[in-house]
Amino acid sequence: MRRKICVVVTARPSYSRIRTALQAIERHPDLELQLVVAASALLDRYGNAIEAIERDGFRPAARVYMVLEGENLVTSAKSTGLGLVELATVFDNLAPDAVVTVADRYETLATAVAASYMNIPVVHVQGGEVTGSIDEKVRHAVTKLANLHLVATEKARERVIRLGEDPATVLLTGCPSIDIAAEVAAEPGLNFDPFGKYGGVGPREDLSGGYLVVLQHPVTTEYDEARTQVDETLYAVKDTGLPVLWFWPNVDAGSDGTSKGIRVFRERENPARFHFFRNMFPEDFLRLLCGATAIVGNSSVAIRECAFLGVPAVNVGSRQQGRERGANVIDVEHDRAAIAAAIDEHRRRGRAPVDHLYGDGRAGERIADCLATAELRIEKRLTY
């Protein structure tokens, strides 16, 4: 009998992080995929990841609407509770043999708690990493709820074991998003028109002389500073003279402040070289990154995929604090002069060396094999 594997995708980055594993699960003769799409992955204002999911041929078994308006600490907590309630019903209906939850968002915690209390084995992808904000606490909390840990790096594996988990349940697979990066790296040219395909707001830019990609999310533990933080980045990239392709932030607390800062800047400055996008399909976004002079902001894509692709990255602020990184990253504070100086430094250096820190492009296959063969038990053998 095939194992029923329920994978919960809750945001556009989560889909990129797990897509190749979903494909490998569907192909595996011993597995049956139950895909649940939830939270901001269903919402147009945060990129409507469901479009990319369905375009890739996946048919969700359930959709869970669980995001409350407000983008603040209260709505984040309440959305977590709502997700717990709704996901419990979904799991009861689907009766999976295991539930897969990805990374460190608040929806990840709701997924793990619901499955754990229903005696369904929890599989956690990308545990054991270190970052700033509340994501750090969520990630380690999910580790303690999980029964099988599929980690991206050797240091992450060591960290999960130090948290008391049975070494036999902690398996190094690499990060599935690197699988997509590896496909793009094999043929890295920009083979589509980003303005024609995705629209967005702002003038059509000539990208042949270089450009910046910016993706800056609010930091949940600094959510009341989101507006001033994004201003520093906006004015720093404006002064470089390069075209700027800016992507909308995620749904975390403080997102409203980040979004408002972008809108006010756009109205006040009427910037000539800025174009704003909501989202792109994962492979298109990585192709755009391949040709970029640098990526600026605080997204983990700058640390993970850009290390593999050799794309220079300016990491701003504390959101990725502590995460393993390659030589492509320059870390700066929320200060426009420091951000501009880091961009200038990358322009002098040029491309960064390729780093396989987060995987070799075969994580999806390994994850599917682990899900098919690993012992999925409810009880945990702790090693304190």
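A few remarks follow.
- Filter result (touching an Asp or Glu at 6+ places or on another chain (Cβ under 8 Å), within 27 Å of Pro282 (Cα to Cα) and not hydroxyl-bearing (Ser, Thr, Tyr)) within region 152-186: Ala152, Lys155, Ala156, Leu172, Gly174, Ile178, Ile180, Ala181, Ala182, Glu183, Val184
- Subset of region 42-56 [buried (at least 18 other Cβ atoms within 10 Å of the Cβ) and not in a loop (DSSP other than H, G, I, E, B)]: Leu42, Tyr46, Ala49, Ile50, Ala52, Ile53
- Residue in region 73-83 that is assigned to a helix (DSSP H, G or I), surrounded by 14 or more Cβ atoms within 10 Å (Cβ to Cβ) and without any contact (Cβ under 8 Å) to a residue 12 or more places away in the chain present: yes
- Glu86 being surrounded by fewer than 21 Cβ atoms within 10 Å (Cβ to Cβ), within 25 Å of Val301 (Cβ to Cβ) and acidic (Asp, Glu): no
- Of the residues examined, Arg59 is one that is at pLDDT 95 or above and in a loop (DSSP other than H, G, I, E, B).
- Restricting attention to region 336-384, the residues being in contact with a strand residue (DSSP E or B) (Cβ under 7 Å, 6 or more places away or on another chain) and farther than 25 Å from Gln216 by Cβ number 7.
- Candidates Leu215, Leu234: the one that is closer than 18 Å to Leu288 by Cβ, among the hydrophobic types (A, V, I, L, M, F, W, C) and buried (at least 21 other Cβ atoms within 10 Å of the Cβ) is Leu215.
- Only one of the listed residues (Ile330, Ile303, Ile295) is under 26 Å from Arg204 (Cα atoms) and among the β-branched types (Val, Ile, Thr). That residue is Ile295.
- With respect to (1) surrounded by fewer than 21 Cβ atoms within 10 Å (Cβ to Cβ); (2) among the polar types (S, T, N, Q); (3) without any contact (Cβ under 8 Å) to a residue 40 or more places away in the chain, the lone exception for Asn315 is condition (1).
To keep it simple, each residue is scored yes or no on (1) hydroxyl-bearing (Ser, Thr, Tyr); (2) closer than 14 Å to Val138 by Cβ; (3) outside the structural domain of His217 (by TED's automatic domain parsing).
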| site | (1), (2), (3) |
| --- | --- |
| Met66 | no, no, yes |
| Thr75 | yes, no, yes |
| Phe91 | no, no, yes |
| Arg105 | no, yes, yes |
| Thr108 | yes, yes, yes |
| Ala115 | no, no, yes |
| Gln126 | no, yes, yes |
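- The set of residues in region 358-376 being buried (at least 24 other Cβ atoms within 10 Å of the Cβ) and outside any loop (DSSP other than H, G, I, E, B) consists of Ala363, Gly364, Ile367, Ala368, Leu371.
- For region 104-139, a tally of residues being part of a helix (DSSP H, G or I) and of a type in the set (S, T, N, Q) returns 3.
For (1) part of a helix (DSSP H, G or I); (2) touching a His at 6+ places or on another chain (Cβ under 7 Å), each residue gets a yes or a no:
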| position | (1), (2) |
| --- | --- |
| Glu205 | no, yes |
| Val213 | no, no |
| Val230 | yes, no |
| Thr233 | yes, no |
| Ala236 | yes, no |
| Asp252 | no, yes |
| Gly257 | yes, no |
| His275 | no, no |
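For (1) surrounded by fewer than 18 Cβ atoms within 10 Å (Cβ to Cβ); (2) of a type outside the set (D, E, K, R); (3) touching a helix residue (DSSP H, G or I) at 6+ places or on another chain (Cβ under 7 Å), each residue gets a yes or a no:
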position: Asp206; (1), (2), (3): yes, no, no
position: Val230; (1), (2), (3): no, yes, yes
position: Phe247; (1), (2), (3): no, yes, no
position: Arg268; (1), (2), (3): yes, no, no
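- When residues in region 135-144 are screened for being surrounded by fewer than 20 Cβ atoms within 10 Å (Cβ to Cβ) and in contact (Cβ under 8 Å) with a residue 24 or more places away in the chain, 2 of them pass.
- Test: residue in region 340-349 that is among the charged types (D, E, K, R) and crowded, with 16+ Cβ neighbours inside 10 Å: no
The values are calculated or read from the model by the stated rules, or taken from the named source; none is laboratory data. Remember, it's a predicted structure, so these values are computed and weren't measured experimentally. Positions of Cβ are generated from backbone atoms using ideal geometry, with glycine treated the same way; all protein chains shown enter the neighbour counts.
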